[in-house]
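Heads up, the thing below is written out as structure tokens.
What follows is calculated from the coordinates using simple rules that are stated; it is not laboratory data. Only a predicted model underlies this, so the values are computations on that prediction, with no experimental measurement involved. Glycine also receives a Cβ, built like all others from the backbone with ideal geometry; neighbour counts cover every protein chain displayed.
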Amino acid sequence: MSSAQLEIQLIACLVAIACAIPGTFLVLRKMAMISDAISHSILPGLVIGFFLTEDLNSPWLILLAAVAGVITVVLVEYIQKTGLVKEDTAIGFVFPALFSIGVILIAKNANDVHLDVDAVLLGELAFAPFDRLLVNGVDLGAKSLWVIGSIVVVTLILLVTFFKELKVSTFDKQLAATLGFSPLVIHYGLMSIASVTTVGAFDAVGAILVVALMIAPAAMAYLLTNNLKKMLVIAVFAGVASAIIGYWVAHYLDASIAGSMTTVLGVLFLLVYLFAPSKGLISVLFRQKRQQVEVYLLTFMLHLQNHSEESERHINHLSEHINWGKMQSKTVLDLALKNNMIVINNNIISLTEKGQGFTNKAIDYITTNSAVAIEKMKEDFFLFRG
Amino acid sequence: METKYAITVDDLTVAYNYKPVLWDIDLAIPEGVLMAIVGPNGAGKSTLIKSILGIIKPIAGSVKIFGKPYKKQFKEVAYVPQKGSVDWDFPTTALDVVMMGTYGSLGWVKRPGQKEKKAALEALEKVGMLSFKSRQISQLSGGQQQRIFLARALVQNASIYLMDEPFQGVDATTEKAIINILKELRKAGKTLIVVHHDLQTVPEYFDWVTFLNVKKIATGPVKDIFNDGNLTKTYGINYKVSVQE
């Protein structure tokens, strides 16, 4: 592995880390689309910054672009607050408007610099190592590495310092306000970080893919844990893993690095979405199916308890009486037998003592719906588990 | 003897998009009462509480907590929002939510430590939720979530408690448990203001009541003013509630 390759992967990893942290809070605040808006509308900020400084690497560019990002958020919120259009509509026209201003500014005035629309949308990570940071003629590494590295450090410091404030204002904005933590300050703080991160990542992965790096790792982590700190850690790891795997996929396919990274993110997300232990699709479907069978079992046992007459409890008439198909009746019957809830004598089904007890408790639970009762049920029976 | 007021509201008017939701409210809540705010839907009950807390800015009037603006007194006030106002799928545990109640006294940056954790565990025990401390909050029933919110207010160790429909969607056991805690708090000299819906239980639960329907209809001791006349004025239809002694 050459040092350029190493540098590219390092930049990609740092970009992933810088994106995953604000991304986690954006996902929890249900503001994923705001990252899309910010990533596009920073363009006019970059272009204007370039006109003013004539230098593509000036820190003023980052600052102005970040301001443009915050302006987007302010505009979206202002338009939404008038109540004339909904938030998604406001996002939908604010960022293309700002982005298009940037596109026109580039086309009219900056044709001779390497600030072209393709690079803006897709980034070009492979070129990042060519742009060196030279201090007194000493090569200190790729400039992008320093830019994104600083952003990661600042983001981490802010995260650790204001973790408590971020958490409480994300979970319960009103409580945060009454405790003396202005939700507005925290909100715009987060938006500023998201904007600065976007600008920093922009050069490497472009406006479209930076959104994926913010949202996909956080969404994966959300499905894998119930703990905010773990969610942040998992999001960071998911981002870093996609960055490294994505780089090597691009290497072997000879394709765009940013494109490969995002594809890997997509595949990883799909896997998590399907197979996450308790929140994944398969797990959810399995649980629903099991709960459905359990409800059927209970219905069946209630029927047995309600009817002392043998005609209602004859094994051959079961399907007619409770209006179930043959297969369904058999599944439920087998389940009840397996759990020693029923006995069958001469084709007549009766509840066992255990079955009786179970049914009584279940009725108790359903009629009182008392939280205390459920807790005991959860210990004793499989029915009300999770 | 001069009555000490926990909260005084003067000429408070709140409007959403120029439509008044609360109109010229004057209210003086004596210290140490357990007060219900009753009124029909859209009467501005939640808005009144949020205005007292400074979450909503009024277009006129002022609110004082023990004679000073809310911003200077926020440590004296604990708030129990409506259960539906937060996303219970948020990745955190019951204990952690209760700990959030300590953040106000900690202020910016400072992190909660053992002392705060101990206070949170005590509050959880008080509301009968200690065994659920590590449970993810989405795995709690509605009544349990409400108890968590109450515990979070308890750790704030405030003088005034403002609660927005704490009995909404909770089972009978939880309702009893919550009201017992509220009565205990009153005995300890705290002032409690509760948005309440079930008119039948007002005389049993509360000693003070405010009737609200955009304007203030009446406020005072339950035994003096909780009558059909005020109920009819508030709800606009002929109301009959049997008041138990």
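In table form, for the structure just shown:
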read-out	value
Between 0 and 90°, nearest 10: helix B:172-187 axis offset from chain B longest Cα axis	80
Rounded tilt (10° steps) of A:59-81 against the dominant C-alpha axis of chain A	50
Taking the C-alpha atoms of the protein assembly as shown, convex hull volume expressed per residue in Å³	229
Inter-label distance, nm, simple model (7 Å from Cα along the C-beta direction), A:Asp334/B:Asn41	4.8
Shielding score for B:90-96, defined as the mean number of other chain Cβ atoms within 10 Å	6
Label point distance in nm, A:Tyr188-A:Val293, each placed 7 Å from Cα along Cα→Cβ	5.7
Alpha-carbon spread of segment B:110-232, three principal axes, descending order, Å	51, 28, 25
Inter-centroid distance (Cα atoms) of segment A:1-58 relative to segment B:144-205, Å	47
Exposure proxy ranking, count of Cβ atoms within 10 Å, fewest first, for B:Tyr16, A:Tyr188, B:Tyr70	B:Tyr16, A:Tyr188, B:Tyr70
Least to most buried among B:Arg152, B:Arg186 (fewest other Cβ within 10 Å first)	B:Arg186, B:Arg152
Separation of alpha-carbon centers, segment A:307-331 and segment B:1-31, rounded to whole Å	65
Cα-Cα separations in segment A:3-279 greater than 32 Å, expressed as whole percent	22
Overall Cα dimensions of segment A:122-184, principal axis frame, Å, largest first	54, 30, 15
Degrees, to the nearest 10: A:257-275 long Cα axis against longest axis of chain A	10
